[in-house]
C-alpha cells in the first residue's frame, strides 16, 4: 500500500496548489513541498528493505481475471530513480517559488509539476507494463502542459506541441513493443518478464520488440534523430527545464533501457543500435552545444549529449558499463539541474541569457557565479568533481570497445565528444561569468534571494562530495541500482577518484586540452560552422506535420464532402460489404419448426407492405406520408400482440400516438411537400441500396428465426424468480424495474436529457435568425374553427377517464401488462390532447406542474429507491415487497419497485409534456390573433372563467370574472 | 410465418433506408421511424416467434415466451421516441435557422450539388 501511496500522493496533492494559492505564494509552495516531502519520507521507509536486497511489492487489483492489476514494485534501480525524482523535485519547488513572478499563476504551475512527479514515479515503480505506458504518456502530457505554461509565448506553444507529438508517438510505439514483449514473455508483470530474457531474445519477435521499445526510449530521451524536440522544449520556465528536461523526464528513456536491460541487452542488434545511436547523439549534440548562444540552448544540447553518453553505456551491454551508466545518471542530474538553475538566475537578474551579451558576471553575482563555475567544471569532467569519475569510467569502457570490427571508432569519437563537452562547459564559464564587467546588461545583475541560490548550492555540494567521497556516499546506492539493472552481473566496482595514470586518464587529458583549444578558436570555428548549410530540424518537422495534416484532410474530404446523402449511402454500402464479408461462410435457414401461416397475419403483412411502399412512393406529400406511417406503426403493435408481447403492443401504440402528434406539430412549419429534385438515376441507386439492405436484414432474420438458441437463455431464471424474487407476475415489468433496474434508471436519465436538449433547442428559437423567420411567417389557410367544440368537449370529458386508466395501468403493471412507461405515455397523451383541442395558452394556464421539475422528480425517486436498499445493507436497487388490498382495484403489489416505477412514470410524463408543450408553445407564438376566439371559453359560463380566452396571454385567468 | 415476419422486417428496413437517403429532413425523420420499427422488431424476434404465451406468470399458463428481448425492446421503443423527438426538433430548428429543409443545410445549386 505504501508504495502505491508514494505514486498516488503527488496526484492527490496536485489538487491542493490551485486551492491554497489564495492564501499566498509561500503557503502554496510549502503545501506543494510538503506533498513531495511526504512521498519522499514514505519512500525512505522502504529503504532498509531495498538495501537488504528485497523487492518491495504492492498490488491493487482492478480486473485480476484479465491480468489487470495496479502493481508496483521497488528494487534498487527503481529506488535510485524515485529518490532522484523526489529529492530534486523538492529543490525545484523551492527554486520555482522565487523564480515565478507575481503575474504567473503559481497554483497551476505546482499542480502540473506534481502531476508530472506522480507520473514519473509511476514509470519507475510500475510492475505492470501497461501501467508503465500509461504513466509514460502522462509524463508526456504533463511535459506538454509545462512547456506551454506561458500560454502567451508562441515558442512555448510550438515547443509544447512538438514535444507532445514526438514523445507521444514514441509512447505509442513503446506500447506496441511492450504488448509484444508481454505476449512473448507470457505475462504483463515486469518482474516476471525480467526473468524471461532467454526466451525473449530467442523469439522471432525480438527485433520488432527491440525496435519499438527503442523508438519509445529514444524519443523520450531525445536521441538522434529525435533529439530536436528537447531544445525547443526550453521555452518552458527554467524550473521545468531543470526538472523535466534534464534531471528526470528525459531520463525515462534511459530508465527503460536499464529496466529492460536483462531482457533485451546482450545481443548484437542491441549493441550496434543502442551504443551506435548513443555515441552519435553524444558527439553531434556536444558539437552543436558549443555554438549555442542561448544559455538554455547550450545546456539543452549538452543534456542531449549526456543522454547519448548514458545510452551508449547501456548499449555496450557489459555490467561495468551499466554501472557507469547508473552513476552518470546521478552525476548528470546533480550538475545539470544546478546549471539550469544558474542559467535561470542569470536570465532573471541580468535580463538576458544570450551569451554574447553577457560576461563578467562573477564580480556582480559572486555566489551564483561560483556555484555555476563548479557545476560547469563537473560537466567538463574536471578532477575532483563527480563528472570526472563517470567520464573516466566511460572512457575506460570505450577504449576497449570494438564496434562493427573497428577498434578506433569508439575511442576517437568518444574523445572528440568529450573535448566538445569541455569546450561548451568552459564557454559557459568564460563567456558568461569571466571577462570584464559590461555596462549594457538589460538589468543590473546581482545575486538573487537565498531561496533561489540555496537549491543550487545544495546540488553543488553534492557535486563536490560525490567527487571526493564518491564511495562512502553513493557507492552502495549505485551498486544496488546497477545490480538491479544487470540482475547481479555488475562487478562490485568501488568508486574511486584516482586510479593512477591509466589510458582513460590520458584520453581525458587530451580531451581537456583539445576542448580548451577549441574554445580559444571559438570565433573562427563559429564562422566556419555558420558558412555550412545545416538541416533545420524544426522546419523539417513542421513540413512533415503539415504534409500529414494535408493528406488527412484530403482523405477525409474525399469521403466527407458535406453532402449528407452521399455520406449516408457510402456508410450503408460499407456496412453491407462488411456484412457480406462476415456472412460469406453462408447464412441459411435452420431446423427450428416454424409456426403455421394464419390468414389474418397474411392480411396484416400485406397491409404493412402496401403502407410502407406507399410511404416510399408518396413521401413528398408529407401529411399523407405521416398518416400512412402511423398505420405501419399500428400494424407493428398488432404484431406484438400476436406474438405474445402485450406490454410492447401497449407501448408501441402509445408511442405511436405521441410521435404522430409530435410530427404533426413539426409539419406545422415545415413545407408541406418535398420538391422533386432527385434524378431518376439517384432514386434508382438509392432504391438499390435500400433493397440490398432490406434483403440482408430479411435473410439474417430468417436464419435467426429458424434456428434454435445456441445456448440456454437466461430468461428461465427471470421467469422462475419473477414472482418469488421480484414479487410480480409480469416478467417484462419485473425485469425492467428489478432485474435490470439499473438499465432502466440509465434509460430514463437519457430520456430526461434528450427532453432537456429539445427544450434548449426550442427555447432559443425566439432569438436570432430563427426568431426573425418566425416573425415574418406567412401562414397558409387557417381552419375556420380552430378549436372545434366537439373535440374540446370530448377531450375534457375524457381527461379524468384517461387519467384513471393511466393510474390503473400503472398500478397493475407489476402483475399484468402495463407499468410506468405505458402509464406515463397514456397520461401524456391524455394531457397533450387538451393542448391540441383547447390551445396552448388555455392548457398552460391550467397546468400547475413544472415539467422540468417532474423529470427531475422522476429521476430522483428512481435513484432514491435504489439508494434506499443501501439502508438495509443490500446492493443498489434491491427490491422488497408486500401486499396491500385496495377497494375496487383489488390486491395491489406494494413492492419498492413500485416507487421505482413511479420514477419512471413521472419522467416519461415529464418528457412527453415538455417536448410537445414546447413545440406547441412555439406555434402559439406564431399563430395570429384568433378570429374565432379560443375554444369555447370565450362564451362566459358558470364553470369556466370568462376572460380565459386570452390565447396569447400566459397569465392565469382571473377567477370568477 | 417466420418467412412472413422476416420479409416484412426487410421491407420496413428497405423503406427506412430509402427515406433516409432523401434530400429533405422530414422524409429522413420518417425513415428513422421506419428503421426504428424494423430494429425493434428484429431485436424482439431474437426471442423467436411464439404465439399465445405471454410472459405473465400464472398457474394456468401453458408456457412463456422469452421475456428478456421484450424488456429490452420496450425501453428501445421509448428511447426511439426520444430520438425521433430530438431529430425532428433539430430538423425544425435547422429549417428556421437556415431557411431550407435540405439535409445539407443549404439549397442545392444547379448541377445538383448541394
Relative contact order [Cα under 8 Å, 6+ residues apart], region A:216-283, whole percent
41
Testing the spin-label approximation: label points 7 Å from Cα along Cα→Cβ at residue A:363 and residue A:681. State their distance in nm.
8.7
What FRET efficiency comes out for residue A:523 versus residue A:585 if R0 is 60 angstrom and r is the Cβ-Cβ distance? Round to the nearest 0.05.
0.20
Mean projection of the alpha-carbon convex hull of region A:233-302 over all orientations, in nm²?
5.1
What is the order of A:440, A:850, fewest Cβ neighbours within 10 Å to most?
A:440, A:850
P(r), alpha carbons of region A:1-125 - 10 Å bins starting at zero, rounded %
13, 42, 27, 14, 3, 0
Taking a crude spin-label model, label points 7 Å out from Cα along the C-beta direction, the residue A:552 to residue A:711 distance in nm is 3.9
Quick P(r) readout (region A:232-272; Cα-Cα; 10 Å bins; whole %) gives 27, 33, 23, 16, 0
Whole-Å semi-axes of region B:2-98's equivalent ellipsoid (Cα gyration tensor)
34, 16, 7
Find the eigenvalues of the gyration tensor of the Cα atoms of the protein assembly as shown, then list the square roots of 5 times those eigenvalues as equivalent ellipsoid semi-axes, largest first, in whole angstrom.
73, 34, 30
The Cα radius of gyration of region A:713-763, divided by 2.2 N^0.38 Å with N its residue count, comes to 1.59
Report, in cubic angstrom per residue, the convex hull volume of the C-alpha atoms of region A:346-465.
111
What is the spin-label model distance, in nm, from residue A:465 to residue A:150 if the labels are put 7 Å beyond Cα along the C-beta direction?
3.4
Looking at region A:742-844 from every direction and averaging, what is the projected area of its Cα convex hull in nm²?
9.4
Defining a contact as two alpha carbons under 8 Å apart and six or more residues distant in sequence, what relative contact order in percent does chain A show?
8
Can you give the average number of partner chain beta-carbon atoms within 10 Å of each beta-carbon in peptide A:686-694, as a whole number?
6
Using helices alone, what [θ] at 222 nm do you get for chain A, with -39,500 (n - 2.57) per DSSP H run of 4 or more residues, divided over all residues and rounded to the nearest 500?
-22500 deg cm²/dmol
Calculate the FRET efficiency for residue A:742 and residue A:352 from the Cβ-Cβ distance with a Förster distance of 45 Å, rounded to the nearest 0.05.
0.10
Debye calculation, C-alpha points only, no solvent: report log10 I(q)/I(0) for region A:149-268 at q = 0.17, 0.18, 0.21, 0.22 Å⁻¹, in the same order as the q values.
-0.82, -0.88, -1.07, -1.14
Per-residue mean of other chain beta-carbon atoms within 10 angstrom of the beta-carbon, peptide A:661-673?
4
Rank the residues A:840, A:270 as a footprinting-exposure proxy: fewest other Cβ atoms within 10 Å of their Cβ go first.
A:270, A:840
Sorted from fewest to most neighbouring beta carbons within 10 Å, what does the list A:540, A:234 look like?
A:540, A:234
Suppose a student asked you for the relative contact order of region B:2-98, using Cα pairs under 8 Å spaced at least 6 residues apart; what percent would you report?
24
Taking beta carbons within 10 Å but only from partner chains, what does the mean come to for residues A:609-615?
5
So what is the orientation-averaged projected area of region A:520-615, using the convex hull of its C-alpha atoms, in nm²?
15.6
Quick check: the distance between the Cα centres of region A:549-611 and region A:383-434, to the nearest angstrom?
69
Expressed in nm to one decimal, what extension gain is obtained for the pair residue A:756 and residue A:104 from 0.36 nm per residue of sequence separation less their Cα-Cα distance?
230.7 nm
Starting from the Kirkwood Rh over alpha-carbon pairs, what translational D in µm² s⁻¹ does region A:825-872 have by Stokes-Einstein at 25 °C and 0.890 mPa s?
192
Once the Cα atoms of region A:265-546 are picked out, what are the Rg and Dmax in Å?
19.2, 59
So, R0 is 41 Å and r is the distance between the beta-carbons of residue A:2 and residue B:52; what FRET efficiency does that work out to, to 0.05?
0.05
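Bear in mind these aren't lab numbers, they're just calculated from the coordinates by the rules spelled out. All values derive from a computational prediction rather than experimental measurement. We place every Cβ from the backbone using ideal geometry, glycine too, and count neighbours over all the protein chains shown.
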